[in-house]
Amino acid sequence: MKAIVVSQSGGPEVLEYQDWPEPAPLPDELLIDVAGIGVNFIDTYHRSGIYSLPHPFVPGLEGAGVVTSVGAEVGEFAVGDRVAWTGHMGSYAPRIALPADKAVRVPQPLSLHEAAGIMLQGLTAHYLVTSVYAVKAGDTALVHAAAGGVGLLLCQLLKNRGVTVVGTVSTAEKAQAASAAGATHIIRYDRDDLVEAVMAATEGHGVDVVYDGVGRTTFEAGLKCLKVRGMMAIFGQASGPVGSFDPQLLNDGGSLVVTRPSLTHFTRTLEELRWRSSEVFGDLVSGKLSLTIHDSYPLAEAARAHLDLESRSTSGKLLLLPPQS
Ligand code: NDP
């Protein structure tokens, strides 16, 4: 088969569409015909070597498709089942061997493209609002890059829980998208003073929680936006990593809490994976949550998708579509 292969670290050009061995599933695995693949920021870190992996490798952590064979030790799935996954490398391919305990069933009303696009960012938004800082009605949250993939989903999950959302964006189009997703206050952090704008939006109180997927450029100002005993969840670093900092800053800000969470640690058991995915799928099916697909690209054009994602011009999910056999 042909898959996207990374043979050396580098820019989007190192994503090469080339021959790669067919997957050989183990007894506890499913063989899947892939219908859609989600592109995520972490894929750019694997490609560039910020998170280093042995070469060559097929990147990509999420997707959805149809089961075409079932390993002898797998009891729960059958040929023809529609499944989705996150957290399994090798997803930029037309076929994948997936451990059965990574697979979740896709409920019928959802398309496989929606399922492929919601897993990683949807489950991330879910663990951030339910488990990292369990929000309650009446809270106020600051969401950075509110029109991004995770950002649009976070805004919706927060609004659905009665939280007032202050969202940051870098363009007028992104401001519209974040408002439509539920952000009550929008801040243009590319040109306005973040702390002043957050204080104006919250009548000087600050926010209970900051969800920060931007990192380097937002960290310090974000701390100043928190209420006493507020929490900052730095879940990403789209602008670069946060450097080392003096913990006294947390004391000065009012016994603040900073955490750096990962989806892996919030989907550690099958029960947790299924709980989160069934709630996210359920919200999609009922219409409480909607997924914005920014664009879809043929699998062979993965490099173009990475260029777009890193250019800061996208809003929502980017999908790769393998050729259908
Ligand atoms: P987005 O779709 O949010 O894209 C990144 C956004 O960040 C951009 O659109 C842009 O929005 C903003 N941004 C600010 N500065 C920069 C910059 N210098 N370069 C590029 N973008 C910038 O991406 P995702 O939703 O996929 O991911 C967001 C972050 O969350 C990533 O760092 C990702 O790795 C992380 N993540 C972490 C997870 C976890 O479990 N810890 C899981 C999922 C994602 P704007 O133009 O409005 O500023």
Original post:
How many residues does region 262-309 hold that are farther than 21 Å from PRO59 by Cα, among the β-branched types (Val, Ile, Thr) and out of contact with any Lys or Arg (no Cβ under 8 Å at 6 or more places or on another chain)?
Top reply: 3
Subject >> Cβ-Cβ under 6 Å pairs, at least 6 apart or on other chains, region 238-264 side without any contact (Cβ under 8 Å) to a residue 60 or more places away in the chain, far side open to solvent by 50 Å² or more (accessible area, probe 1.4 Å) and more than 14 Å from the ligand (Cβ to nearest atom) >> reply: GLY254/VAL228; SER255/ARG229
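Residue-wise test of (1) within 30 Å of THR202 (Cα to Cα); (2) of a type in the set (A, V, I, L, M, F, W, C); (3) within 12 Å of the ligand (Cβ to nearest atom).
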residue	(1), (2), (3)
ARG229	yes, no, no
ALA233	yes, yes, yes
PHE245	yes, yes, no
THR269	no, no, no
VAL280	yes, yes, no
LEU299	no, yes, no
HIS306	no, no, yes
GLU310	no, no, yes
PRO323	no, no, no
Original post:
Of the numbered conditions (1) in a strand (DSSP E or B); (2) open to solvent by 40 Å² or more (accessible area, probe 1.4 Å), PRO54 satisfies every one except a single condition; which is it?
Top reply: (1)
**OP:** Considering (1) within 16 Å of the ligand (Cβ to nearest atom); (2) surrounded by fewer than 20 Cβ atoms within 10 Å (Cβ to Cβ), say which one ARG47 fails and leave the rest.
**Re:** (2)
Original post:
Among the residues of region 212-226, is any within 14 Å of the ligand (Cβ to nearest atom), in contact with a His (Cβ under 7 Å, 6 or more places away or on another chain) and in a strand (DSSP E or B)?
Top reply: yes
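How do the helices (runs of 4 or more DSSP H) wholly within region 235-325 filter down when requiring 2 or more residues that are open to solvent by 50 Å² or more (accessible area, probe 1.4 Å), modelled with pLDDT of 95 or more and within 19 Å of GLY122 (Cβ to Cβ): which remain? Even if it seems obvious, please write down each step before you answer.
On the way: elements: 248-254, 270-286, 302-310.
Once the helices (runs of 4 or more DSSP H) in region 235-325 are filtered for at least 2 residues that are open to solvent by 50 Å² or more (accessible area, probe 1.4 Å), modelled with pLDDT of 95 or more and within 19 Å of GLY122 (Cβ to Cβ), what remains is 270-286.
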Original post:
Listed residues PRO59, PRO23; which is more than 16 Å from the ligand (Cβ to nearest atom) and part of a loop (DSSP other than H, G, I, E, B)?
Top reply: PRO23
Original post:
Quick check: anything in region 156-167 within 27 Å of ARG312 (Cα to Cα), hydroxyl-bearing (Ser, Thr, Tyr) and in contact (Cβ under 8 Å) with a residue 40 or more places away in the chain?
Top reply: no
Subject >> Options VAL39, VAL66; residue that is under 13 Å from ALA302 (Cα atoms), surrounded by 13 or more Cβ atoms within 10 Å (Cβ to Cβ) and in contact (Cβ under 8 Å) with a residue 24 or more places away in the chain >> reply: VAL39
Subject >> Evaluation of THR218 against (1) among the β-branched types (Val, Ile, Thr); (2) closer than 29 Å to PRO12 by Cα; (3) open to solvent by 10 Å² or more (accessible area, probe 1.4 Å) (one fails), failing number >> reply: (3)
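Results for (1) of a type in the set (D, E, K, R); (2) over 20 Å from ALA35 (Cβ atoms), shown as yes or no for each residue.
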site: LEU256; (1), (2): no, yes
site: LEU270; (1), (2): no, yes
site: SER286; (1), (2): no, yes
site: LEU289; (1), (2): no, yes
site: LEU299; (1), (2): no, no
site: GLU310; (1), (2): yes, yes
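The values are calculated or read from the model by the stated rules, or taken from the named source; none is laboratory data. The structure presented is a predicted model; accordingly, all values stated were derived computationally and were not measured. With ideal geometry, Cβ positions are generated from the backbone for all residues, glycine too; neighbour counts draw on all protein chains shown. These area figures cover heavy atoms from the full protein model, side chains too; ligands, DNA and RNA do not enter into them. Shrake-Rupley method; radii C 1.70, N 1.55, O 1.52, S 1.80 Å.
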